[in-house]
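See below for the structure under consideration.
The values are calculated or read from the model by the stated rules, or taken from the named source; none is laboratory data. Because the structure is a prediction, the values reported are computed rather than measured. Here the Cβ positions follow ideal geometry from the backbone for every residue, glycine too, while neighbour counts run over all protein chains shown. In case anyone asks, the SASA skips ligands and DNA or RNA and just uses the protein heavy atoms, side chains included. Shrake-Rupley method; radii C 1.70, N 1.55, O 1.52, S 1.80 Å.
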Amino acid sequence: MPAVHKLLLEEALQDSPQTRSLLSVFEEDAAGLTDYTNQLLQSMQRVYGAQNEMVLATQQLSKQLLEYEHQNFALGKGDEDVISILQLFAKAVEEVNSLYSDLATQMADRMVFPMVQFREKDLTEISTLKEIFGIASDEHEASMVKYSRLPKKRENEKVKTEVVKEVAYTRRKQHQASMQYYCALNALQYRKRVAMLEPMLGYTQAQMNFFKKGMDLVSKKMDSFLASVSDMTQSIQAQLDSEAETMRLSQRDLLSVEDTVYMPDCDQDSVNRSLIQKAGYLNIRNKTGLVTTAWDRLYFFTQGGNLMCQPRGAVAGGMILDLDNSSVMAVECEDRRYCFQITSPTGKTSIILQAESKKEYEEWICTLNNISRQIYLTDNPEAVAIRLNQTAIEAVTPVTSFEKRLEGSPSPDRAKPGGAQFSSETPRKPSHTPEPEDLIIPGTPIQFDIMLPATEFQDQNRTGGRRTNPFGETEEDSCPDANDPLLQQVFTVRFLGSMAVRAGHTQEVIYEAARQVLAARAIHNIFRTTEAHLMVTSSYLRLIDPQTQVTRISFQLQDVTKFAAHQENGRLMGFVVEGREWAGGTEEGEPSFSAFIFESNTEGEKICYTINLGKEIIEAKKDPEALAQLMKSMPLTKDGKFLLLERDDEEDKGKQEEFESEA
């Protein structure tokens, strides 16, 4: 150990400038030591604080490891091994925490406390002695000044004696204070070395004890446990690497597709018409006011016979509409493409949806139509849907032009040699349910529209004369019953299709024709329909364009041989009209029958009831008394016409507008 500089006590009394200069060096050293001690103590306290924080942190860590078992993760199935391992880790962390707590206690006792004691005892003592030495020096200087001012002559012995005593007292006091101060400064040179080494010795010993206990804990209790956990983590990491590589390859394959995959309405796959369930995003129209609407993009899916909707963020979906026996058709809506409407069997509830692409649009309509037939209730619904669509493809050939039907539609009786002939007077009543082939010849073409050709309509507007319809009727002679004095009822309908049939006096032929028409529309993507007015009078049935008031087609009521509403969907109705095939000249040919299928805004039974009443009026006209009796049994309007369904029809129209597209 090198020699330590000292302040000589023998020179304390003389208090020479050289001694004062050396004293200033010791004082400067003591001041620097005080600043450094404060900084070092702050660092030690920070280490001790961090160790205490480690104790609290490990306690919290142990609790959190035990809480994993109670989290009930939605995807936590199979975590039993992880839970048991985490419990063992929590126990190990608690043991390590006890070591941390012991380490913190040793740091406090063997590192922080000696440094605090050195600062509070030694350095504070130096500071106090310095103040005492300064006061004593000032008092000695003051007494010496007073002594120096004693006069030369006529000295006052008494004053001189007092001044001399005062000088002696202050000099002794300064001498004592300086020696104590010098001794403390000399001792500080040794104490600072001990103060710097002792805390670090205690810190190092505490750390060594901590690591020694930790090694004993790990080597004796945790070697096998840590080895098993390491093997488990390596196995999981290997699985992760394999899954990451699989996902990378899958992502590369999925991203290598053409840009058309991301483009709407660019589907290259064919339409699947045999689906019995479907899911995807659709736009639904909602009313926001009396005349304003808004479209929302929601996720729709089918579940059994229900159409479900699930907004984004919702846990589960809710039912929007029961699809059993509902009707689905394409509609024009606010200049938007791919819109279709779903209407409940009662006609009181309907919603309008918009698909993203043509393929989605067609598949949604086909799927909903399949569900409305309740195919999903069968044992093998997919096979039933495929079989029904395949049967419909083989049995139906669509013809979308009325003129083509007139030119190419053969007489059903002539198309099959030896076919049975029926008349309206002597209908055949089969003893068993007729087969579809007995009702409609397979391959019979279907007409899907009764639209007035555009060129003909332009010619009418250009000439300004009488308007004619496709059947050669003029506006004048086509409405002889416009002012029917007994019956005139108008219904809003949509024409679905018509076809030649073999029988005209059974309801089954209407049901079979409706089935084939709806199947053909679904298979050949003919979803659009045109609204028209069906006028029922006591003489005629007329289909009138609601905008131009042109009669599209007209039948005499006496030629209507059968009419009926659909058994399952009450909004579907149809009737059979009898015609004649003329062999040549004026010779009357064999009877032929055509079935016409409509969808109405009201119940089909109401239309059938009105047609039946018209036929009763025709029969009653033959007998004035019977006609009078019929007029007494029915309510009449002020102008003497039969009052039928007017109130119900208006209510149905209002309900349809009210329930349109409410989701």
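Being β-branched (Val, Ile, Thr) and farther than 19 Å from MET308 by Cβ is the filter here, so list the residues in region 332-355 that pass it.
Within region 332-355, the subset β-branched (Val, Ile, Thr) is 342-343, 346, 349, 351-352.
Within region 332-355, just THR346 meets the criteria.
Taking region 561-572, which residues are surrounded by 22 or more Cβ atoms within 10 Å (Cβ to Cβ) and either closer than 11 Å to ILE611 by Cα or without any contact (Cβ under 8 Å) to a residue 40 or more places away in the chain (or both)?
Of everything in region 561-572, those that are surrounded by 22 or more Cβ atoms within 10 Å (Cβ to Cβ) and either closer than 11 Å to ILE611 by Cα or without any contact (Cβ under 8 Å) to a residue 40 or more places away in the chain (or both) turn out to be LYS562, PHE563.
Would you mind listing the strands (runs of 3 or more DSSP E) fully within region 248-351 where at least 2 residues are open to solvent by 40 Å² or more (accessible area, probe 1.4 Å), more than 24 Å from ARG571 (Cα to Cα) and not small (Gly, Ala, Ser)?
Numbers: elements: 279-287, 293-303, 306-310, 318-322, 327-330, 339-343.
Where strands (runs of 3 or more DSSP E) fall fully within region 248-351 and carry at least 2 residues being open to solvent by 40 Å² or more (accessible area, probe 1.4 Å), more than 24 Å from ARG571 (Cα to Cα) and not small (Gly, Ala, Ser), they are 279-287, 293-303.
Here are some conditions: (1) loosely packed, with under 15 Cβ neighbours inside 10 Å; (2) closer than 28 Å to MET200 by Cβ; (3) without any contact (Cβ under 8 Å) to a residue 60 or more places away in the chain. ASP109 meets all but one. Which one does it not meet?
Only one criterion is unmet by ASP109, namely (3).
Checking LYS152 against (1) under 60 Å from the mean Cα position of the chain (by Cα); (2) not in a helix (DSSP H, G or I): exactly one of these is not met. Which one?
(1) is the only condition that LYS152 fails.
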